[in-house]
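The values are calculated or read from the model by the stated rules, or taken from the named source; none is laboratory data. Every value quoted in this text rests on a predicted model; they were computed, and no experiment measured them. As a convention, Cβ positions derive from the backbone with ideal geometry for all residues, glycine included, and neighbour counts pool all protein chains shown.
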Amino acid sequence: MSAVRVVNLLTPGYARGRQYDAADITGQVRADLLPRGSNRVPDVSDTDVEELREYALRLRQVFVAVDDGRVDDACEYVNTLLRETRAAPVLTRHDHEPWHLHFHAIDAAWATSWAAPMATALAVVLGNPMFERLGVCTAPSCDRVFVDTSRNGARRFCSTACQNRVKAAAFRARQRSSTGPTG
Ligand SMILES: [Zn+2]
C-alpha cells in the first residue's frame with residue numbers, strides 16, 4: 001500500500017533498529033513514487049516532497065491511533081484528509097493512456113495527488129471489519145508502520161528484518177539464561 005511506503009519513507013523516527021531522519025530524500029521519492037504504469041521519473045521538487053511529508057505525518061497518526069485502539073480518532077483524521085485533498089474517484093484519460101481511475105482531482109498538486117488516494121485506501125481499511133490491521137512495528141528502535149495482510153492478523157513487525165532482530169535477541173537471551181552467569 002502506498003500509504004505504508006510514503007509514511008515509512010517520509011516520517012522521521014526509528015527504522016529497523018536505527019534512528020531514521022528521513023532527510024535529503026527528494027531523489028529517493030522521485031525514484032520510488034512513479035506515476036502508475038509509468039517509468040518516467042516525475043519532476044518533483046523539494047517543496048513537493050515537504051508538502052507530501054506534511055500529509056505523511058498525518059497519515060502516520062492514523063496508524064498510531066488504530067494501534068492505540070483510538071479508532072474514532074483514526075476515522076476522523078481520515079475524513080479530514082479526504083475533505084482537504086478533495087478525494088473523489090474520477091475516470092480520466094491522459095498522455096495516451098487508456099481510461100483509468102484516479103482518486104484525486106485532475107488539477108491536484110503533486111503531493112495532493114498522492115495524499116488523496118492514500119487517504120482513500122486507509123478509509124477502505126477503516127470501513128472494513130479488518131480495520132485493526134493498521135499497525136506500528138513492535139520491535140525495539142523501530143516505529144515503521146504496516147498493514148497486516150496475513151491470514152491470522154497477528155503481524156507485529158514492519159519487516160522480516162525486525163522480526164529476525166527480535167527472534168535473534170530472544171535466542172541470545174535464552175542462551176544467556178541457560179548457560180548461567182558464569183557462561
Ligand atoms: Zn520494524
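Scanning segment 123-146 for residues that are touching a Gly at 6+ places or on another chain (Cβ under 9 Å), modelled with pLDDT of 95 or more and more than 10 Å from the ligand (Cβ to nearest atom) yields no hits at all.
Residue count for segment 150-179, restricted to those that are within 23 Å of Glu132 (Cα to Cα) and either at pLDDT 90 or above or within 16 Å of the ligand (Cβ to nearest atom) (or both): 12. The residues of segment 1-21 that are part of a loop (DSSP other than H, G, I, E, B), of a type in the set (D, E, K, R) and within 13 Å of the ligand (Cβ to nearest atom) amount to a single one, Arg16.
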